[in-house]
1. Based on the Cβ-Cβ distance of Asp158 and Val123, what FRET efficiency does E = 1/(1 + (r/R0)^6) give at R0 = 30 Å, to the nearest 0.05?
2. Taking θ as phi - 60°, what are the ³J(HN,Hα) couplings along region 133-140 by the Karplus curve (6.51, -1.76, 1.60), each to the nearest whole Hz, with x for Gly and Pro?
3. What FRET efficiency do you get for Gln48 and Ser116 if R0 is 35 Å and r is their Cβ-Cβ distance, rounded to the nearest 0.05?
4. Could you give each residue of region 87-100 its phi-based ³J(HN,Hα) in whole Hz, using Karplus coefficients 6.51, -1.76, 1.60 with θ = phi - 60°, and x for Gly or Pro?
5. Could you give the length gained by full extension between Gln209 and Glu169, i.e. 0.36 nm per residue of separation minus their alpha carbon distance, to one decimal place?
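Rule-based calculations on the coordinates, nothing more; no lab input. If you're wondering where the values come from, they're calculated on a predicted model, not measured in any experiment. Please note: Cβ atoms are built from the backbone with ideal geometry, for glycine as well, and neighbour counts cover all protein chains shown.
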Amino acid sequence: MTRPNSNPGRSAESPPKHRGADGQKPERPEPPGRPADSRPTRRGFMPQFLAATIGCLVGAVPFVSGLLFFLDPLMRQRKKGKGDGFLKMSITLDALEIEGEPQLVKIAMDRVDAWSTYRNQPVGAVYLRRTDKETVVAFNQRCPHLGCAVDYRPAYHDYFCPCHASNFELSGEKINDIPPRGLDALRVQIRNKTEVWVKFQNFRATTPQKIPVA
């Protein structure tokens, strides 16, 4: 004979709820392989974050230094390009006689390679000749034939190249057919009434055209 269920609200198949000796529900055990104190906390996170940040900053210092080292030539080249290219001559306007003989002036400039600067390096020379009260003409001393230095001959009142006999008028025009063009004229400015400023440039030899070179 089947015994009737004394508790109609409880199914015969429902398992009984387990409780401890004190009547409290036992705590759920931690999953295996995870320590109970391994949960991240704000107090532990901040030191790790600060350590990582400081490490990144320390590592960035040599990187930035190396980057500036390689960019320095570009920065100096940009600064160099801001000038107008004119150089003040060591001779004044008053020292040049009107329609007098040309005066040779040596040119020295700061030369810059990739990472070094060389002060006052000789780069060439110019002939200066005053043609009237406020006008000075300038010619590069380099011969446009093959780049030799041209001499001024007072006895002939002309320019002459001792290398291959190129010959030029005082105006810079070529006299014979040896050079491909006349002497290379340079721009001149008179500043502060007596200062002579020249935009010095070298030009490629052997060509009929004036082609500037670095």
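1. Calculated transfer efficiency: 0.75.
2. Whole-Hz 3J(HN,Hα) from phi for region 133-140: 4, 10, 10, 10, 9, 10, 10, 5.
3. 0.20
4. Each residue's phi maps through the Karplus curve to give 10, 6, 7, 7, 10, 9, 4, 5, 7, 9, 7, 5, 6, x Hz.
5. 12.5 nm
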